[in-house]
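Trainee: Sharing a structure, written as structure tokens. Questions coming.
The values are calculated or read from the model by the stated rules, or taken from the named source; none is laboratory data. All figures in this text were calculated on a predicted structure; none of them were measured in a lab. For neighbour counting, all protein chains shown are included, and Cβ atoms are generated from backbone atoms with ideal geometry for every residue, glycine included. Heads up: the accessible areas ignore ligands, DNA and RNA and are worked out on the full protein's heavy atoms, side chains in. Shrake-Rupley method; radii C 1.70, N 1.55, O 1.52, S 1.80 Å.
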Amino acid sequence: MIVSPSILSADFANLSSDIEMLNRSNADWVHCDVMDGVFVPNISFGFPIIKAVSKLTDKPLDVHLMIVDPDRYVNVVRDCGATFMNVHYEACTHLHRTVQNIRAAGMRPAVTLNPATPVAMLSDIIGDLDMVLLMSVNPGFGNQKFIEHSVKKIKELKALISTTGSKAIIQIDGGINRTTGKLVAEAGADCVVAGSAVFGAPDPIAEIEALASL
Ligand code: DX5
Ligand code: ZN
């Protein structure tokens, strides 16, 4: 299992020590949650922080943009050192153009679906994506309860990927811990995002290891 710890739950007053912990761990990527207070009812952190994080780690940055019209920031996100630029289906009027712009900027395009958005909405774009993120909570906050219905969506997405021959991998974000992680692993997820389960654990490195071996 690919593990992408979300620094939304890190200690922002000691961000460098939390990133150094991730560097020592088996984490594959670093998940950066950008919120604008418009698309979601919360504001997290923006581009200067991502740029600072990129200087502290060699791990790929997986940037999840919970903002309206993310197309405006493709080059800015690239200049922050992002590997994945992940945009919400619900926030992009011209999703195909945005995905092409992300690829042209040299990043790997990913699209996120909110819990109420059906997997079928991606059927005409799935072949252009490197990753699909299924939200298993409503985006905006860490430490929420996993929505069980997400398991069914993973299976539907897996079927869409195999029938279309897409190379997209399946990422799950929200309420992931060892228990829910097992459910999503069994359903076919390739990657889990975990915030509070990692940074709230007594031993975050061991927690990452447990998720990696799901
Ligand atoms: C929620 C964010 C998540 C969040 C997950 O809107 O997209 O990445 O950090 O937090 P946990 O793992 O605590 O549910
Ligand atoms: Zn996220």
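Trainee: Find which of Val38, Ala10, Pro70 sits farthest along the positive direction of the dipole of the chain, computed with +1 on the beta-carbon of Lys and Arg, -1 on that of Asp and Glu, about the Cα centre.
Mentor: Value computed over the given set: Pro70.
Trainee: Further question: If you take the beta carbon distance between Glu186 and Val68 as r and set R0 to 35 Å, what does 1/(1 + (r/R0)^6) give as a FRET efficiency, to the nearest 0.05? List each step's numbers first, then the result.
Mentor: Numbers: r = 35 Å, r/R0 = 1.00.
Once the sixth-power term is evaluated, E becomes 0.50.
Trainee: Continuing with this model, one more query. Using a cut-off of 16 Å between alpha-carbon atoms, which lysines can reach Lys59, once sequence neighbours fewer than 8 places away in the same chain are excluded?
Mentor: Reachable lysines: Lys51.
Trainee: How much FRET efficiency would the formula 1/(1 + (r/R0)^6) give for Glu90 and Lys158, where r is the Cβ-Cβ distance and R0 is 22 Å, rounded to 0.05?
Mentor: Taking R0 as 22 Å, the efficiency between Glu90 and Lys158 is 0.50.
Trainee: If I build a Gaussian network model for the chain, linking alpha-carbon pairs within less than 10 angstrom, which residue out of Gly174, Gly37, Gly142 has the largest mean-square fluctuation?
Mentor: Answer for the Gaussian network model of the chain: Gly37.
Trainee: Which aspartates and glutamates does Lys55 reach when only Cα atoms under 13 Å apart count, and residues fewer than 8 places away in its own chain are ignored?
Mentor: Filter leaves Glu20, Asp79.
Trainee: Next up: Can you list the HN-Hα couplings for region 62-73, worked out from phi with the Karplus curve (6.51, -1.76, 1.60; θ = phi - 60°), rounded to whole Hz and with x for Gly and Pro?
Mentor: Using θ = phi - 60°, the values come out as 10, 9, 9, 9, 9, 9, 6, 6, x, 3, 5, 10 Hz.
Trainee: Taking Lys167 as the anchor, which lysines have their alpha carbon closer than 21 Å to its alpha carbon, excluding any fewer than eight residues away along the same chain?
Mentor: Of all the lysines, those that pass the test against Lys167 - Cα under 21 Å, at least 8 places apart if same chain - are Lys152, Lys153, Lys155, Lys158.
Trainee: A follow-up question, please. Along region 119-126, what does the Karplus equation 6.51 cos²θ - 1.76 cosθ + 1.60 (θ = phi - 60°) give for ³J(HN,Hα), rounded to whole Hz, x for Gly and Pro?
Mentor: Computed from phi, the couplings for region 119-126 are 4, 4, 5, 9, 4, 8, 10, 4 Hz.
Trainee: So, with +1 on the Cβ of K and R and -1 on the Cβ of D and E, and no other charges, what is the size of the charge dipole of region 54-149 about its Cα centre, to the nearest 20 debye?
Mentor: For region 54-149, the charge dipole is close to 220 debye.
Trainee: Here's something else I'd like to know. In whole Hz, with x marking every Gly and Pro, tabulate ³J(HN,Hα) for region 194-200 from phi via Karplus 6.51 cos²θ - 1.76 cosθ + 1.60, θ = phi - 60°.
Mentor: Using θ = phi - 60°, the values come out as 9, x, 5, 5, 7, 6, x Hz.
Trainee: Still on this structure, please answer the following. Taking the Cα centre of region 105-209 as origin and charging only Cβ (+1 Lys, Arg; -1 Asp, Glu), how large is the dipole, in debye to the nearest 20?
Mentor: Value, rounded to 20: 220 debye.
Trainee: State to the nearest 20 debye the size of the charge dipole of region 106-157 about its Cα centre, where the only charges are +1 on K and R beta carbons and -1 on D and E beta carbons.
Mentor: Values: 5 positive and 5 negative charges, 45 e Å.
Dipole size: approximately 220 debye.
Trainee: Sticking with this structure for a sec: For region 162-214, what relative contact order do you get, as a whole percent, if you take Cα pairs closer than 8 Å and at least 6 residues apart?
Mentor: Normalised by residue count, the contact order of region 162-214 is 37 percent.
Trainee: Next up: Using 0.36 nm per residue of separation minus the Cα-Cα distance, give me the extension gain between Asp79 and Arg97 in nm, one decimal. Working shown, then result.
Mentor: Values: separation 18, 0.36 × 18 = 6.48 nm, distance 1.94 nm.
Length gained between Asp79 and Arg97: 4.5 nm.
Trainee: Quick one: the Cα spread of the chain along its three principal axes, in angstroms, biggest first?
Mentor: The Cα atoms of the chain stretch 42, 37, 30 Å along the principal axes, largest first.
Trainee: Pop a pseudo-label 7 angstrom from the Cα along the beta-carbon direction at both Lys51 and Ala116 and give the gap in nm to one decimal.
Mentor: Computed distance between label sites Lys51 and Ala116 equals 3.7 nm.
Trainee: Around Arg178, what is the net charge, scoring Lys/Arg as +1 and Asp/Glu as -1 over all other residues with Cβ under 12 Å from its Cβ?
Mentor: Summing Lys and Arg as +1 and Asp and Glu as -1 gives -1.
Trainee: Can you list residues from other chains, or at least 5 along the same chain, whose modelled amide H is less than 5 Å from the amide H of Met131?
Mentor: Val111, Ile169
Trainee: For region 1-20 and region 46-73, compute the distance between their C-alpha centroids and round to whole Å.
Mentor: 13 Å
Trainee: State whether region 87-214 is rounded, prolate or oblate according to the following rule on the C-alpha gyration tensor (a ≥ b ≥ c being the square roots of its eigenvalues): a/c under 1.5 gives rounded; otherwise a/b larger than b/c gives prolate, and the remaining case gives oblate.
Mentor: It comes out prolate by the Cα gyration axes.
Trainee: Treat each spin label as a single point 7 Å out from the Cα along the C-beta direction, and report the Ala104 to Ala201 distance in nm.
Mentor: Label at Ala104, label at Ala201, 4.1 nm between them.
Trainee: Just to verify a number: what accessible area does Ile169 come out at with the full protein assembly present, 1.4 Å probe, Å² rounded to tens?
Mentor: So the heavy atoms of Ile169 present about 40 Å² to solvent.
Trainee: Search the structure for amide H atoms under 5 Å from the amide H of Gln144, placed 1.01 Å from N in the peptide plane, and list their residues when 5 or more places away or on another chain.
Mentor: Those qualifying (amide H under 5 Å, at least 5 residues apart or on another chain) are Gly175.
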